[in-house]
Amino acid sequence: MSNATRIGTEPSKTARWIILVIVGLVFAIPIISMIEFTFRVGPAGGYTVDHWTALFDPANARNYRDLFQSIGNSFILAAVTVAIVLVVLLPTMILVHLQFPRLRRVLEFICIVPITVPAIVLVVGLAPVYSVVVKVFGGSIWTLAFAYGITVLPYAYRSIQANLDAVPVVTLSEAARSLGAGWLSVLGRVLLPNLRRGVLAAAFISVAVVLGEFTIASLLNRRNLQTALLQVSQSDPWVAVILALLSLLFAFVLLLLIGRLGSLGRGKETTP
Amino acid sequence: MTSSIPVAPTIAPTIAPDSGATVELVGVVKNFGAHRALNEIDLRIAPGEFVALLGPSGCGKTTALRALSGLELIDGGRILIDGVDVASVPTNKRDMGMVFQSYSLFPHMTAIENVEFGLRMRKVATAERRTRALEALEMVGLTTFAERFAHQLSGGQQQRVALARALVTRPRVLLLDEPLSALDAKVRVQLRDEIRRIQTELGITTVFVTHDQEEALAVADRVAVMRDGVIEQIGTPEELYTTPRTPFVANFVGLSNRLAGEHSKGTVTVQGARLELLGDPLPDGPVTAYVRPEDITFAARGIAATVVSSSFLGSLRRTQVRLADDTLLSIQHEVETRPQPGELVHLKLRGVPVSAVVRS
């Protein structure tokens, strides 16, 4: 072994390809099967594009009204959740980083905890809370975002923290203050532009998590994309699979964007 | 790239402040928990004066500077700028330019946008902002780099931009927190001299923090040597070097040999030489005297020593010798004398005053 810090030996080229193909098949087979399924005429066989065109046919709009409303709900929830991340989590993290560095471990612990609590357990605790929430804010769908704001904490925290650690936040804000900037200018003109990547990544991943959420919405009797998918799959399996594919594609695009943001940043940091 | 920078023209009139401000620290105290970082510091800086705060890490020099800038709030005492107490004025209202040790340019802005930042905060109109920022960049010889981002500039260039950024708002005081410590030796000397030139032309009151005694002696009008949160001695570089008031200063400023001696009524006898005692009076008895390498010379007769090593330092040579009692000494002398390791030599002490401390 040439590299002392490495544990075990590197797999050979063939082994790597075998692993890649197996892992690739695990992901590809279900997706390809889903795509194939959406073009089937019925159990008997034969292919058609009718299922795709039917979904977007204005004539069927009434049938799918609930479904599209649920999709709308999911997007509203995603937007409110992102707003919670930006308005509550981000300023808290910056404040702790700059003024209360001793609280960093505490904040990290609090933000990571939700990942260890299963959604079903969370709901048991949330049910009585939501009986109060409904009294205060009414039963609108967006209130579910309070719960989602908690479930996305670990992901959003990680994205923002990585960016905070990579930027000399303290020195930059001290420099800005010595040049006459108040705290709002420090935040808006100096810190946020340099935390853009982490904040965008946190927002995208929050959207992806919210669009894929089923357990909490279902158990609290709310309608979102995932609960609607389950419902519609009982009457029209093709539509359910088509929508599942589309949401998969959407999440995939979001993750690609996050990856792209990361690599752009790396390119910029290299000094000539 | 920095070596190609031309000698900058005289400072543009819009950057020159009306005059430097008087800076006074009166009994300033700063605690970090149980640790007292500044222990009743008193310091008065005249308008346009360049003062260096010098000391080992943890001596409180950076804390003193940060207290001046408002980045640290003090626990006692007063900070006066032109006679006005600013101790409770927040940093962004204190009107002091600051250059930091680590690179502090805003990474998402170009050099000129960085320089314009302070003017933008003061709501200066766009056209005037541009003109003044360009003048400030011209002052540090970087007009051609105006549109570059920080990551496209060398370390020395980044600190030049930071200097322009700190000066463009015509602050009352310029604070420099070890601005050269991250740079290469050559760039460091170059930028050090340039800072001094710009400071002299602007006449701006300047406080410069450093742990490098050579840097402090080369650049400052007066140097304050700090230790454990107090100013041990303040004086011109020459005063500190020739008449250190305490052994700590003698040791920290320049090189000093420690030699065993006897003290009696203001006279220290070291290796047969009778030397005048510097600084505060000492009780009679055994002492350790601090003798500069250039105050020891080779002689035909005198203190016997064996040459250990000798290094060529360009304009002079420094030779290590060992005395009979195993004391190691550094001697500084002209390059033409080339002592060989193992060679037996004789030494003599020059009759200059020395500082000393009681030997236990």
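The values are calculated or read from the model by the stated rules, or taken from the named source; none is laboratory data. What you see is a predicted model, and the numbers here were worked out from it, not measured in a lab. Backbone-built Cβ (ideal geometry, glycine too); neighbour counts: all protein chains shown. Just the protein is used for accessible areas: all its heavy atoms, side chains included, with ligands, DNA and RNA removed. Shrake-Rupley method; radii C 1.70, N 1.55, O 1.52, S 1.80 Å.
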(request) For segment B:42-72, enumerate the residues that are of a type in the set (A, V, I, L, M, F, W, C) and farther than 25 Å from B:SER181 by Cα. (result) B:ALA46
(message) Tell me whether segment B:272-289 contains one or more residues that are of a type in the set (S, T, N, Q) and under 30 Å from B:ILE74 (Cα atoms).
(response) no
(request) Only residues that are of a type outside the set (A, V, I, L, M, F, W, C) and in a loop (DSSP other than H, G, I, E, B): list them for segment B:291-310, please. (result) B:ARG292, B:ARG301, B:GLY302
(request) Keeping to segment B:86-136, report how many residues are of a type in the set (Gly, Ala, Ser) and under 20 Å from B:ILE204 (Cβ atoms). (result) 5
(message) Out of the residues in segment B:162-178 meeting the condition of being part of a loop (DSSP other than H, G, I, E, B) and of a type outside the set (S, T, N, Q), tell me which one is farthest from B:ASP95 (Cα to Cα).
(response) B:GLU178
(message) Looking at (1) without any contact (Cβ under 8 Å) to a residue 60 or more places away in the chain; (2) more than 10 Å from chain A (Cβ to nearest Cβ); (3) assigned to a loop (DSSP other than H, G, I, E, B); (4) within 27 Å of B:THR62 (Cβ to Cβ), which one does B:SER104 not meet, given that it meets all the others?
(response) (2)
(message) I want to confirm something. Restricting to segment B:158-181 and keeping residues that are of a type in the set (S, T, N, Q) and within 11 Å of chain A (Cβ to nearest Cβ), which single residue is farthest from B:VAL115 (Cα to Cα)?
(response) B:GLN158
(request) Under 6 Å between Cβ atoms, at least 6 apart or on separate chains: pull out the pairs that start in segment A:125-138 with a residue that is assigned to a helix (DSSP H, G or I) and end on any residue that is modelled with pLDDT of 85 or more and among the β-branched types (Val, Ile, Thr). (result) A:VAL133/A:THR143; A:PHE137/A:THR143
(message) Can you tell me which residue is nearest to the other protein chains (Cβ to nearest Cβ) among those in segment A:190-247 that are within 30 Å of B:PHE106 (Cβ to Cβ) and touching a Ser or Thr at 6+ places or on another chain (Cβ under 7 Å)?
(response) A:VAL190
(message) Against the conditions (1) under 27 Å from A:VAL167 (Cα atoms); (2) within 12 Å of another protein chain (Cβ to nearest Cβ); (3) surrounded by fewer than 22 Cβ atoms within 10 Å (Cβ to Cβ), where does B:ASP184 fall short? Just the number, please.
(response) (2)
(request) Consider only pairs whose beta carbons are under 6 Å apart and that are at least six residues apart or on different chains; among these, list those whose first residue lies in segment B:231-250 and is over 21 Å from B:LEU38 (Cα atoms) and whose second residue is part of a loop (DSSP other than H, G, I, E, B). (result) B:LEU240/B:VAL253; B:TYR241/B:VAL253; B:TYR241/B:GLY254; B:THR243/B:LEU278; B:ALA250/B:PRO244; B:ALA250/B:SER256
(message) Considering only residues that are assigned to a loop (DSSP other than H, G, I, E, B) and either more than 14 Å from every other protein chain (Cβ to nearest Cβ) or within 21 Å of B:GLY48 (Cα to Cα) (or both), which ones fall in segment B:76-101?
(response) B:ASP82, B:GLY83, B:VAL86, B:ALA87, B:SER88, B:ARG94, B:ASP95, B:PHE100
(message) I'd like the full set of residues that are open to solvent by 10 Å² or more (accessible area, probe 1.4 Å) and more than 14 Å from chain B (Cβ to nearest Cβ), limited to segment A:150-189.
(response) A:ILE150, A:THR151, A:LEU153, A:TYR155, A:ARG158, A:SER159, A:GLN161, A:ALA162, A:ASP165
(request) Show the residue pairs that are 6+ apart or on different chains and have beta-carbon atoms under 6 Å apart, the first residue being within segment B:72-85 and within 11 Å of B:LEU25 (Cα to Cα), the second being surrounded by fewer than 16 Cβ atoms within 10 Å (Cβ to Cβ) and among the small types (Gly, Ala, Ser). (result) B:GLY77/B:GLY27
(request) Take B:LEU282 and decide whether it is free of Cβ contacts under 8 Å to residues at least 40 places away in the same chain and either surrounded by 16 or more Cβ atoms within 10 Å (Cβ to Cβ) or not charged (D, E, K, R) (or both). (result) no
(request) Residue by residue through segment A:7-56, note down the ones that are under 20 Å from A:LEU243 (Cα atoms), among the aliphatic types (A, V, I, L, M) and either touching a Cys at 6+ places or on another chain (Cβ under 9 Å) or assigned to a helix (DSSP H, G or I) (or both). (result) A:ALA28, A:ILE29, A:ILE31, A:ILE32, A:MET34, A:ILE35, A:ALA54, A:LEU55
(request) Answer with yes or no whether B:SER69 is at the interface with chain A (Cβ under 8 Å from one of its Cβ atoms), under 23 Å from the mean Cα position of the chain (by Cα) and either open to solvent by 40 Å² or more (accessible area, probe 1.4 Å) or closer than 23 Å to B:LEU43 by Cα (or both). (result) yes
(message) On the basis of being modelled with pLDDT of 95 or more and either open to solvent by 10 Å² or more (accessible area, probe 1.4 Å) or out of contact with any Asp or Glu (no Cβ under 8 Å at 6 or more places or on another chain) (or both), does B:LEU240 make the cut?
(response) no
(message) Going through B:ARG160, B:ARG122 one at a time, which residue ends up being of a type in the set (Lys, Arg), touching a Gly at 6+ places or on another chain (Cβ under 8 Å) and open to solvent by 50 Å² or more (accessible area, probe 1.4 Å)?
(response) B:ARG122
(request) Would you mind finding the one in A:THR38, A:THR9, A:THR53, A:THR14 that is modelled with pLDDT under 80 and either farther than 21 Å from A:LEU249 by Cβ or not assigned by TED's automatic domain parsing to the domain that holds A:LEU249 (or both)? (result) A:THR9
(message) I need a count of the residues in segment B:109-159 that are in contact (Cβ under 8 Å) with a residue 60 or more places away in the chain and either touching a strand residue (DSSP E or B) at 6+ places or on another chain (Cβ under 9 Å) or outside any loop (DSSP other than H, G, I, E, B) (or both).
(response) 9
(request) Kindly provide the set of residues from segment A:214-236 that are without any contact (Cβ under 8 Å) to a residue 24 or more places away in the chain, crowded, with 16+ Cβ neighbours inside 10 Å and in a loop (DSSP other than H, G, I, E, B), ordered by number. (result) A:ASP236
